[in-house]
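Presented below is the structure to which this report refers.
No value in this document is a laboratory result; all are computed from the given coordinates. It should be emphasised that the depicted structure is a prediction, and the values quoted were computed from it without experimental measurement. Positions of Cβ are backbone-derived with ideal geometry, glycine not excepted, and every protein chain shown enters the neighbour counts.
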Amino acid sequence: MTEARLAASPTPARARLSGATVALILLLCAGWGGLAPAIKIGLRELPPIALAAWRFLFSLAAVAAWCWLRRVPVAPGAGRTGYLGLLSATFVLQIILLNAGARTTSGGHAILLLSTHPLFVALLAHFALRGDRLTAPKVVGLLVALAGIAAVVSERLSGGSLAGDSLVLASALTLGVLVTLTKRGMERGMTAYQLLLWQMFPGVPAYFLLSRLVEGPLALPQGAAVWGSLLYQGLVVGGFCFVAWNRLLERYPASQLTAFQFTTPIYGVLFSALILGDPLTGGVVLGTLLVGAGLILANRG
């Protein structure tokens, strides 16, 4: 979910989505929906920053291996040190906020609130990106999703906490900043693969260092559940979902694919109920529907 879902090439012409393609898109959205339960499982044994360090070590290896096998250019080019440093610092902050928040709120709350990041992108892009302005549908979508956020945050019976919800919402805002910065990089000719690798390349050592400084001796993954959680986060979400999404973006316009984003919080809430036992309360169901509707409206704008 935190890996930018952006095209690595000029926008393709609109094409009909086959049944197999739709199934793949829904599978990817389900993959991102499973992120919050995986994080919650990992946090049972690992502190938040150490979890990020191990997760993105696997993600970095997976994406770097793909780029090497496909001979994808990854050199960042000259004159981009400051920009890439800002990108990586934003990435590190976003994941720390997410993991710290997920530790004290429910999986359903975490994925639902994190899924609002495209709405922050729509708001930020109005001021930061050329030709990407707020429209009436986007504004309505933001307001509808805001009502969904209020329904979720005010619902305390579903295992959430105000502190945890606030941290995850701050992570969603930071992810909105990260995606906006990533789009700026693409406007300057960089690819999604370059941008993700150069977020993680300095970010992974930073996570390990911060974990040592803040959390004490580095926590090592132990047990099948934690290893499964890390491999899911690092290889499935950070590797397969990212690569498959960008392969799709090479063939189809982003607007056709992002129309399915509203399913991610639905999957996330369902997986959190099935895997973690999170209760499906009225506030969570209402919030899920409102956030999903807000995403649909914003994507149509």
| request: Can you give me the P(r) profile for the chain? Cα pairs, bins 20 angstrom wide beginning at 0, each as a whole percent. | output: 35, 60, 4
| task | Find the centroid of the Cα atoms in the range 208-264 and in the range 187-207, then give the distance between the two in whole Å. | result | 14 Å
| request: Pick out, from Ala225, Gln199, Leu290, the residue whose Cα sits farthest towards the positive end of the charge dipole of the range 154-301, with +1 on the Cβ of Lys and Arg and -1 on the Cβ of Asp and Glu. | output: Gln199
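Give a quick list of trypsin sites (Lys or Arg not before Pro) in the range 30-127 that DSSP marks as loop, anything other than H, G, I, E or B, with at most 12 other Cβ atoms within 10 Å.
Working: sites: Lys40, Arg44, Arg55, Arg70, Arg71, Arg80, Arg103; in loops: Arg44, Arg71, Arg80.
Qualifying residues, ordered by number: Arg44, Arg71.
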| note | Expressed to one decimal in nm², the mean projection of the alpha carbon convex hull of the range 204-276 is 7.1 nm²
| message | Can you tally the net charge around Ala110? Count Lys and Arg as +1, Asp and Glu as -1, for every other residue whose Cβ sits under 12 Å from the Cβ of Ala110. | response | 0
| Label-reachable residues, the range 35-70, where backbone N falls under 13 Å from a point 7 Å from Ser161's Cα toward its Cβ | 48
| query | For Asn99, what charge total do you get from the other residues with a beta carbon under 12 Å from its beta carbon, if Lys and Arg give +1 and Asp and Glu give -1? | reply | +2
| the chain - charge dipole about Cα centre, Lys and Arg +1 at Cβ, Asp and Glu -1, debye rounded to 20 | 800 debye
| said: Starting from 0.36 nm per residue, how many nanometres of slack lie between Arg44 and Ala225 once their C-alpha separation is accounted for? | reply: 64.2 nm
| query | Which trypsin sites (Lys or Arg not before Pro) does the range 208-299 hold that lie in a coil by DSSP with at most 15 other beta carbons within 10 Å? | reply | Arg251
| Sorted from largest down, what three extents in whole angstroms do the Cα atoms of the range 225-264 have along their principal axes? | 37, 21, 6
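Please give the contour-minus-distance gain from Ala20 to Glu215: 0.36 nm per residue of separation, less the Cα-Cα distance, rounded to one decimal in nm. Could the numbers behind the result be given before it?
Working: separation 195, 0.36 × 195 = 70.20 nm, distance 4.49 nm.
Full-extension gain reported as 65.7 nm.
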| remark: Using eta = 0.692 mPa s and T = 37 °C, Stokes-Einstein with Kirkwood Rh from Cα pairs puts D for the range 79-178, in µm² s⁻¹, at 230 µm²/s
| said: Once you keep just the Cα pairs under 8 angstrom separated by 6 or more residues, what percentage relative contact order results for the range 29-163? | reply: 30 percent
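Please give the calculated 222 nm ellipticity per residue for the chain, where each DSSP H segment of at least 4 residues contributes -39500 (n - 2.57) and the sum is spread over every residue; nearest 500 deg cm²/dmol?
Taking each H run of at least 4 residues, the total per residue is -22000 deg cm²/dmol.
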